[in-house]
């Protein structure tokens, strides 16, 4: 049945009213955008999609020496439990979840990564010394005892409330580094890993000085110090004259040692730290009659997010996005 002339007029009127409403809404959105503060406009840059597909990750589990397939979100529960104290503030746990998720996605071949270089067909492994730590629920129970139910719930919440979120720079997942405790300032990535990345710079880190890992020391006899050095480099040191055989050549912007000369051999401080099992490269030396004491500040390589600093920021009311954007400059929080 064809519409009458009057019917056609009604249809045209309805269509015109519809487009009028669209124009009004468009104008209102533009006006709202112009009235936003810089902080509000900055939040618009965060890319959040409404749906996230379930990803699966291939994990080499060093606990049972097997390759396993897990959902990425289930895998992250074991990572956050292994990498950060479960008693830390919720926003710090969320920041850890996003950092850990980003590291995993960055390594996945499906996103252009190379996987775990130590284990064939694995995206990641469960070793903190190579990829990032991952622990089983049995290990969580041993670590937490009667607090297991509460701590497991908190970590589940941190993972679930950041589900799918990663850090990106220019549209790609970033290469993630994080550490336990800063010396009060983070280290530039090029000082440790020899490659410069635009989202890493040396930034202030607060609250680290209040933690048990902020200060450390290693004391050795002069002879033991000399023996360790000889076993690595074949250079004999005079145990009675160590103070004259150790020279600091320079410091990084964060106050850590950059390069050190021992017995005439120049070393990067990162290499020296590993040789003597020191907590960081922020090192001061004290020479006794027959001993050498190496005092350190901070715990870890110092690059990226300080977990202790993140916990302090969480306690000061900062969100996990605030924390991440403080330690990783210029990144966006996106969904994979």
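The values are calculated or read from the model by the stated rules, or taken from the named source; none is laboratory data. Just so it is clear, the structure is predicted and the values come from calculations on it, not from any experiment. Every residue, glycine as well, gets a Cβ built from its backbone with ideal geometry; the counts of neighbours run over all protein chains shown.
Just a few scattered comments:
This table checks each residue for (1) in a loop (DSSP other than H, G, I, E, B); (2) out of contact with any helix residue (DSSP H, G or I) (no Cβ under 8 Å at 6 or more places or on another chain).
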{"position": "235", "(1), (2)": "yes, no"}
{"position": "248", "(1), (2)": "no, yes"}
{"position": "289", "(1), (2)": "yes, yes"}
{"position": "310", "(1), (2)": "no, no"}
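- Test result for residue 207, at pLDDT 95 or above and either within 25 Å of the chain's Cα centre (by Cα) or closer than 24 Å to residue 129 by Cβ (or both): yes
- Residue 309, sole failed condition from (1) on the phi > 0 side of the Ramachandran plot; (2) surrounded by 14 or more Cβ atoms within 10 Å (Cβ to Cβ); (3) assigned by TED's automatic domain parsing to the domain that holds residue 167: (1)
- Within the range 318-336, residues that are within 22 Å of residue 188 (Cα to Cα) sit with their Cβ atoms under 9 Å from residues that are assigned to a helix (DSSP H, G or I) and at pLDDT below 95, at 6+ positions apart or across chains, in these pairs: 321/43.
- Of all the criteria given as (1) part of a strand (DSSP E or B); (2) more than 29 Å from residue 314 (Cβ to Cβ), the one not satisfied by residue 70 is (2).
- Checking the stated criteria, residue 138 turns out not to satisfy the condition of being part of a loop (DSSP other than H, G, I, E, B) and at pLDDT 95 or above.
- Qualifying residue in the range 174-187 (condition: under 30 Å from residue 73 (Cα atoms) and at pLDDT below 95): no
Conditions tested, residue by residue: (1) modelled with pLDDT of 95 or more; (2) not assigned by TED's automatic domain parsing to the domain that holds residue 152; (3) not in a helix (DSSP H, G or I).
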{"residue": "78", "(1), (2), (3)": "yes, no, no"}
{"residue": "81", "(1), (2), (3)": "yes, no, no"}
{"residue": "87", "(1), (2), (3)": "yes, no, yes"}
{"residue": "93", "(1), (2), (3)": "yes, no, no"}
{"residue": "96", "(1), (2), (3)": "yes, no, no"}
{"residue": "99", "(1), (2), (3)": "yes, no, no"}
{"residue": "113", "(1), (2), (3)": "no, no, yes"}
{"residue": "120", "(1), (2), (3)": "no, no, yes"}
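- Within the range 65-84, if we keep just the residues that are exposed (fewer than 15 other Cβ atoms within 10 Å of the Cβ) and over 19 Å from residue 117 (Cα atoms), the residue that is nearest to the chain's Cα centre (by Cα) turns out to be 74.
- Residue count for the range 233-260 under the criterion of being surrounded by 14 or more Cβ atoms within 10 Å (Cβ to Cβ) and on the phi < 0 side of the Ramachandran plot: the result is 15.
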